[in-house]
Amino acid sequence: MEKSLQNLGITLLGFCLVWTVSCRNVEAQTVIKVVGNHAPPYRIIKGGDFSGIYIDTMRELAKRMGVEVSFASVPFARALIMMKQGQNADIMLGPNRNSQREAYMVYTQATFSQENKAFYVHPDSPGITRYEDLIGKKISVHIGKIYFSQFDQDSSLTKEPISDYIIGIRKVRKKRNDVIIMPEREGDRLLKEHNIKLKKSPYIVKGKISYITISKKSSALTLQKRLEETMEEIKKDGTMDAILDRYK
């Protein structure tokens with residue numbers, strides 16, 4: 001009898017330990033790790049402070065879903081690698097879609113508005129008025145980013161990779177490069193923020209939809225449906241419009 005009670009006690013202890021560990025694992029899974037670079041007004045990162053359209057939206061989503069969210073500032077290309085490896089990265093905010101990225105990220109139905117792509121040149125240079133004007137120009141292009149199919153796939157253009165848009169902006173200002181392509185709102189914001197004068201060309205390309213993506217190696221995939229439903233809620237109840245208004 002005594003031995004049976006001892007065995008029962010061991011069994012109950014084991015059950016409690018398993019239950020405790022399981023609860024901790026569930027709790028750990030609710031901390032969503034979001035990675036990305038400074039890209040105002042979408043992602044604004046100053047020191048340890050994170051804000052911007054995408055980040056404020058993610059915070060609202062996490063709040064309504066009852067999960068925790070943490071943000072890490074990493075270069076854009078590094079963020080893609082982290083998502084591919086499933087290393088300290090669950091979610092990216094705002095990447096455009098292509099087949100290479102679809103191999104390691106799930107593109108959810110939680111989407112942001114399309115962002116036009118613009119070409120900026122030195123104030124003394126003629127603007128880009130049509131795609132053909134890019135031929136023979138030295139163009140600053142952010143490493144890891146995609147813009148629009150014709151441009152991305154055009155190997156005849158001279159594209160110089162840059163790790164940061166500010167680097168590219170300064171190269172154009174110093175006439176070391178001829179033109180830089182950027183998301184329009186981000187380009188306008190960076191020029192104003194850093195008080196650098198470039199000329200925005202009249203040739204503007206309609207942007208693609210930006211997505212919230214989840215690493216295919218992340219346990220956050222179980223939250224996809226809730227994420228998509230909650231995004232629809234904040235669009236319908238006016239919260240998304242309010243967030244956009246903060247950054248006009």
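Test T239 against the criterion of being over 28 Å from Q85 (Cα atoms), surrounded by 13 or more Cβ atoms within 10 Å (Cβ to Cβ) and among the polar types (S, T, N, Q), and give yes or no.
So T239 passes the test.
Scanning the stretch 140-151 for residues that are touching a residue at least 40 places away in the same chain (Cβ under 8 Å) and out of contact with any Leu (no Cβ under 7 Å at 6 or more places or on another chain) yields S140, V141, H142, I143, K145, I146, Y147, F148, F151.
The set of residues in the stretch 37-87 being more than 13 Å from the chain's Cα centre (by Cα) and assigned to a loop (DSSP other than H, G, I, E, B) consists of G47, G48, G66, V67, G86, Q87.
Laboratory data are not the source of any read-out in this text; all were calculated from the coordinates shown. As the structure is a computational prediction, the values presented were derived from the model and not from experiment. Note that we place each Cβ from the backbone using ideal geometry, even for glycine, and neighbour counts take in every protein chain shown.
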